[in-house]
1. Please go through region 100-124 and pick out each residue that is at negative phi and either assigned to a loop (DSSP other than H, G, I, E, B) or of a type in the set (Phe, Trp, Tyr) (or both).
2. Within region 88-100, identify whether any single residue is more than 17 Å from Glu124 (Cβ to Cβ) and within 15 Å of ligand 1 (Cβ to nearest atom), and answer yes or no.
3. Pairs please, first residue from region 78-99 and at positive phi, second anywhere and among the hydroxyl-bearing types (Ser, Thr, Tyr) and within 15 Å of ligand 2 (Cβ to nearest atom), Cβ atoms under 9 Å, 6+ apart in sequence or on different chains.
4. Which of the residues belonging to region 156-173 are in contact (Cβ under 8 Å) with a residue 60 or more places away in the chain and open to solvent by 30 Å² or more (accessible area, probe 1.4 Å)?
5. Which pairs do you get when a residue that is within 18 Å of Val159 (Cα to Cα), found in region 202-220, comes within reach of a residue that is more than 12 Å from ligand 1 (Cβ to nearest atom) and polar (S, T, N, Q), reach meaning Cβ atoms under 6 angstrom, with the pair 6+ apart or on two chains?
6. Out of Leu261, Leu192, Leu277, report the one residue that is within 17 Å of His149 (Cα to Cα) and at pLDDT 95 or above.
7. Using the structure shown, decide if Val237 is crowded, with 24+ Cβ neighbours inside 10 Å and either within 16 Å of ligand 2 (Cβ to nearest atom) or at pLDDT below 95 (or both).
Amino acid sequence: MTNSMQNKENINMQAPFVREICEITYHMWSMGWDERNGGNISCLLDKEEVAAYVDIEHVERTLPLSFPVPELRDKYFIVTGSGKYFKNIISDPKANLGIVRVNETGDQLDVLWGLRDDAVPTSELPSHFMSHIERLKVDPNHRVVMHTHATNVIAMTFVHELDEKKFTKTLWQMCTECLVVFPDGVSILPWLVPGTSEIGRQTADKMKDHRVVIWPHHGIFGTGASLDDAFGLIETVEKAAQIYMLASHQGIKQTITDQQLLDLAQAFGVTPLEGILGE
Ligand code: 13P
Ligand code: ZN
C-alpha cells in the first residue's frame with residue numbers, strides 16, 4: 001500500500017483537522033456546554049490538506065443548500081453532523097463529522113467523507129456559512145465558526161440587560177484579561193428560532209464587525225483563525241459570565257474602573273470598541 005493510500009484509509013486517526021475537532025468537542029462536552037446534540041462547529045480547510053487524506057474526486061453524495069452561498073464555491077469544510085452528540089465524536093468521527101465541498105454554483109454540497117448513515121451537516125449551517133462569508137471579508141486568516149451552549153453566558157442573558165454595550169462592559173469588568181481578548185466586544189441578537197436562514201442572516205450581519213455573537217437564552221457563536229482561537233475566545237467570555245453569575249447577586253462592592261480598562265488597552269495595544277468606556 002502506498003503512503004497516500006494508507007493516509008486515506010486512516011483519516012480517523014491521522015488527519016490533524018479530524019483529531020483536533022475530536023479533541024476539542026470532547027473537551028467542550030466535558031465543560032458541560034454541549035448537552036445532548038447541543039453545539040456545532042465548521043472549519044474551513046485547504047483543498048491540499050483535504051486531498052492528502054480524502055479522494056476529492058469521489059463524491060459520496062450531494063446535498064441541496066436552501067440558502068445559496070456562491071461566495072464559498074469550491075471551498076472545503078469539516079462540519080459536525082446534525083443531531084450528533086459532541087460526547088461521541090471522538091469515538092466515531094466518521095459518523096458524527098463530515099468533510100464537504102460547496103459546489104461551483106454554491107447551491108449544493110458534495111459530501112466527500114463522513115456523515116455516515118445518511119447524516120446531514122448541522123442545522124445551523126446557514127449561520128455557519130453566512131458567518132464564514134462575512135468573517136473572510138474582514139479577516140483572511142479566518143477559518144472557524146463555533147457554536148456552543150456555554151452555561152454562564154446563557155444564564156447571564158436572563159439577568160443582565162441585553163444591550164450589547166452594557167453587556168460587553170460588564171464582561172470586560174469581570175476579568176482583567178477580557179478587554180485584551182475581545183476588545184471588539186460581544187454582539188447580541190434578539191431571540192430567534194434557531195436553524196433558520198433568518199437567524200443565519202442576522203448572525204452574519206453581526207459578524208461584519210464582531211467575532212462573538214450571543215443568542216439570548218440559547219448560546220454563543222465564536223469565530224477565529226483556528227479551533228483554539230475560537231474556543232479561547234468563547235472560553236474567555238464564558239469565564240467572565242461565570243464570574244458575573246457568581247458575584248453579581250452578592251452585591252458587587254468594587255470593579256475595574258474605566259480608567260483602569262483604558263490603561264490596560266494602552267498597555268496591550270488594543271483598541272476598545274467605541275462608546276463603552278468614558279474617555
Ligand atoms: P445540530 O445538532 O443540528 O447541530 O443543532 C444543535 C444546536 O445547538 C442547534 O442550535
Ligand atoms: Zn444551539
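The values are calculated or read from the model by the stated rules, or taken from the named source; none is laboratory data. Just so it is clear, the model here is predicted, and its values are computed rather than measured. Methodologically, a virtual Cβ is constructed for each residue, glycine included, from the backbone with ideal geometry; neighbour enumeration extends over all protein chains shown. Heads up: the accessible areas ignore ligands, DNA and RNA and are worked out on the full protein's heavy atoms, side chains in. Shrake-Rupley method; radii C 1.70, N 1.55, O 1.52, S 1.80 Å.
1. Within region 100-124, Asn103, Glu104, Thr105, Asp107, Trp113, Arg116, Ala119, Val120, Thr122, Ser123, Glu124 meet the criteria.
2. yes
3. Correct list of pairs: Gly83/Thr122; Gly83/Ser123.
4. Result: Val159, Lys165, Lys169, Gln173.
5. If the second residue must be more than 12 Å from ligand 1 (Cβ to nearest atom) and polar (S, T, N, Q), the pairs left are Val213/Ser187; Pro216/Thr157; His217/Thr157.
6. Of the residues listed, the single one that is within 17 Å of His149 (Cα to Cα) and at pLDDT 95 or above is Leu192.
7. yes
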